[in-house]
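All remarks here apply to the structure that follows.
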Amino acid sequence: MKPMLQVKNLNTWYGESHVLHGVDMTVGEGETVTILGRNGVGKTTTLRTIVGILRERKGQILFDGRDMMTVPLHRTAHAGIGFVPEERGIFATLTVEENLMLPPVVARGGMSLDEIYELFPNLLERRTSPGTKLSGGEQQMLAMARILRTGVKMLLLDEPTEGLAPVIVQRIGEVLKKLKERGMTVLLVEQNFRFASKIADRFYLMDHGQMVADFPVAELPNQMPMLHKVLGV
Amino acid sequence: MQALFGQLLIGLINGSFYALLSLGLAVIFGLLRVINFAHGAQYMLGAFVAYLLLQYLGIGYWAALVVAPLVVGLFGAVIERTMLSRLYNLDPLYGLLFTFGLALTIEGTFRYLYGASGQPYAAPPLLAGGTNLGFMFLPNYRGWVVVVSLLACLGTWLLIEKTKLGSYLRAATENPVLVQAFGVNVPLLLTFTYALGAGLAAFAGVLAAPVYQVSPLMGTNLIIVVFAVVVVGGMGSIMGAILTGYMLGIAEGLTKVFYPEASNIVIFVIMAIVLLLRPAGLFGRDA
């Protein structure tokens, strides 16, 4: 499989504190990869560093063969990386449709507005409401939908199921499967283990700012004792 | 009765300038988190550019109405790019101090070059004279000021609330980092916003040139009141800034009719009351 994202010896700092200690990881084209790990081990930091929001960083990030370390934040999306943050980032002063249309289209191959409304009929009904008047689940749908319009090649998702009802979680899983069929590469941070095991091709386990294990979904049963130990679940 | 309408008109004229200026301040503060103390100087610059265009190039009022905001807007863009943008990561106090220093420098330079006394600037011939409305006599130029500043406020409001560019501005006001991660060049958006605010101030300055005189200190006198308007309306609220501008202009005019002694302070009294009852301002969202 052709690698889409290659991260080598990535280090990140928040001022004085050193948070990522040499992260190495690879995500292949069309692959769905999940990062597991306890709270505070650096999962969100990894995503935010790859996107380029955190810039006190050293190491190598290659995306689609391109060195991303020197790319300014507002060009990351144009290179093909879309980001859905943990807090979802729905704008209160924008309507649902304005939120949806906000991220600029960076390449062909994104979904049209009609396709998005077909996939998320709730958003069509609520299109003139302020973005933050939606329910938590709808906001998560909107946060994902607006990135799907842009034609990015890879989606970075930070805990999409956090705090959502099981039926919504299931819906998000269906959406991610559909994206996979379309060839989208996905890097997911997820605490919901059951959810992740249904959609991921491969897992990374993160601890103390490093990747400590890497295994495909088929090996999951064998890895369970180790996971229990590290995750404390 | 004549006096009442006369003062109402003056209130409406003043309110037009308050609205245009506080609108620009609110737009700049909303996105840049900078309290632009140079706003009065930029208003003065607009009037001076119009005056100088006429003096040295023979370019008249109508062209100045377009050229002066562009010139001052460009000047604002250069200031933002080269200096103000370096202060965004620091305490907001630095932005305030910088723009305050900038205002003193600009106004000092013009006072050195042109003296403190005002230069006359004639209204365009097309708008000379007045119209008898039956209940009052309306100088045509003043009617024009009220109408065109209303249109400019409405246009700016539409730009921010109803266009794609406006949605970028609103979103970046809420969460600039995420908007940038989506692929929008937010630093450029900040430059544009500062230029827009400066341009609006200059537009008000050109409108004001025939009403007041063109003087280096014309902005200093006005900007204190405009800050009070922004505080009453609520920092960062666009419609709030516009409505409050007109409301306070009219309140000031009416006070002149009924209790002239208080007309200079009425806006500040209103500000004090609003701050006591609604600290976020009449249209502000609670932080």
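What order do B:Phe268, B:Phe29, B:Phe48 take when sorted by accessible area (1.4 Å probe), most exposed first?
Values: B:Phe268 70, B:Phe29 35, B:Phe48 0 Å².
My answer, sorted largest first, is B:Phe268, B:Phe29, B:Phe48.
For segment A:164-233 and segment B:194-266, compute the distance between their C-alpha centroids and round to whole Å.
Going from one Cα centre to the other spans 58 Å.
Name the residue, out of B:Val184, B:Val67, B:Val229, whose mean-square fluctuation peaks in a Gaussian network model built on chain B with Cα pairs under 10 Å.
With Cα springs under 10 Å in chain B, the top fluctuation among B:Val184, B:Val67, B:Val229 is at B:Val184.
Can you tell me what the convex hull of the Cα atoms of segment B:2-277 projects to on average, as an area in nm²? Before the final figure, lay out the partial values.
Details: hull surface 62.3 nm².
Averaged projected area of segment B:2-277's Cα convex hull equals 15.6 nm².
Considering only protein heavy atoms, with the full assembly of protein chains and a 1.4 angstrom probe, order A:Lys178, A:Lys58, A:Lys43 by accessible area, largest first.
Details: A:Lys178 105, A:Lys58 130, A:Lys43 10 Å².
Listed by decreasing accessible area, they come as A:Lys58, A:Lys178, A:Lys43.
Can you send over the solvent-accessible area of B:Val148, 1.4 Å probe, protein chains only, in Å² to the nearest 10?
20 Å²
Taking chain A as a Gaussian network, where each spring joins two C-alpha atoms under 10 Å apart, which residue of A:Val169, A:Val186, A:Val152 fluctuates the most?
Result: A:Val169 has the largest fluctuation of those listed.
Hey, can you list the residues from segment A:84-107 whose accessible area shrinks by 30 Å² or more with all protein chains present, relative to the chain by itself (probe 1.4 Å, no ligands or nucleic acids)?
A:Phe91, A:Thr93, A:Leu94, A:Glu98, A:Leu102, A:Pro104
How large, in percent, is the carbon and sulfur part of the accessible surface of segment B:2-277 at a probe radius of 1.4 Å? Mind dumping the intermediate values first?
Values: 8400 of 11680 Å².
It is 72 percent, rounded to a whole number.
Between helix B:39-52 and chain B, what is the angle of the helix's C-alpha long axis to the longest principal axis, kept within 0 to 90° and rounded to the nearest 10?
On a 0 to 90 degree scale, this one is about 60.
Can you tell me the dipole magnitude for chain A around its Cα centre, using point charges on the Cβ only (Lys, Arg +1; Asp, Glu -1), in Debye to the nearest 20?
200 debye
Not counting ligands, DNA or RNA, and with a 1.4 Å probe, what is A:Met144's accessible surface area in Å² rounded to the nearest 10?
0 Å²
Could you work out which residue, out of A:Thr49, A:Thr132, A:Thr76, moves most in a Gaussian network model of chain A, that is, has the largest mean-square fluctuation with Cα springs under 10 Å?
Looking only at A:Thr49, A:Thr132, A:Thr76, the largest GNM fluctuation is found for A:Thr132.
Share of segment A:3-231's accessible area from carbon and sulfur, percent, 1.4 Å? All intermediate terms of the calculation are to be shown ahead of the outcome.
Values: 4800 of 9580 Å².
Answer for segment A:3-231 is 50 percent, counting heavy atoms of protein chains only.
Name the residue farthest towards the positive end of the dipole of chain A from the options A:Gly22, A:Leu94, A:Gln223, assuming +1 on Cβ of Lys and Arg, -1 on Cβ of Asp and Glu, about the Cα centre.
With unit charges placed on the Cβ atoms, the residue in question is A:Gly22.
Please arrange A:Met1, B:Met218 by accessible surface area, largest first, computed with a 1.4 Å probe and ligands excluded.
Working: A:Met1 160, B:Met218 20 Å².
In descending accessible area the options line up as A:Met1, B:Met218.
Can you tell me the equivalent ellipsoid semi-axes for segment B:162-244? Use √(5λ) from the Cα gyration tensor, largest first, whole Å.
Working: eigenvalues 179, 47, 23 Å².
They are 30, 15, 11 Å, listed largest first.
Relative contact order for chain B using alpha-carbon pairs under 8 Å, separation at least 6, rounded to a whole percent?
Working: 437 pairs, mean separation 111.8, N = 287.
Contact order relative to length: 39 percent.
Using only Cα atoms and rounding to the nearest 10 degrees, what angle (0 to 90) does helix B:140-162 make with the longest principal axis of chain B?
Its long axis makes an angle of about 20 degrees.
Which angle between 0 and 90 degrees, to the nearest 10, do you get for helix A:136-148 versus the longest principal axis of chain A when only C-alpha atoms count?
90 degrees
Could you compute how much accessible area chains B and A hide from each other, both sides summed, with a 1.4 Å probe? Nearest 100 Å² is fine.
Values: alone 13600 and 10880 Å², together 22720 Å².
Summing both chains' loss of accessible area gives about 1800 Å².
Excluding ligands, DNA and RNA, what is the solvent-accessible area per residue of the protein assembly as shown at a probe of 1.4 Å, expressed in Å²?
44 Å²
Compute, for B:Trp144, the solvent-accessible surface of its heavy atoms (probe 1.4 Å) with the complete set of protein chains present, and express it in square angstrom to the nearest 10.
70 Å²
The values are calculated or read from the model by the stated rules, or taken from the named source; none is laboratory data. Source: prediction; values computed, not measured. Reconstructed Cβ throughout: ideal geometry from the backbone, glycine too, with neighbour counts over all protein chains shown. Keep in mind that these areas ignore ligands, DNA and RNA; they rest on the heavy atoms of the full protein, side chains included. Shrake-Rupley method; radii C 1.70, N 1.55, O 1.52, S 1.80 Å.
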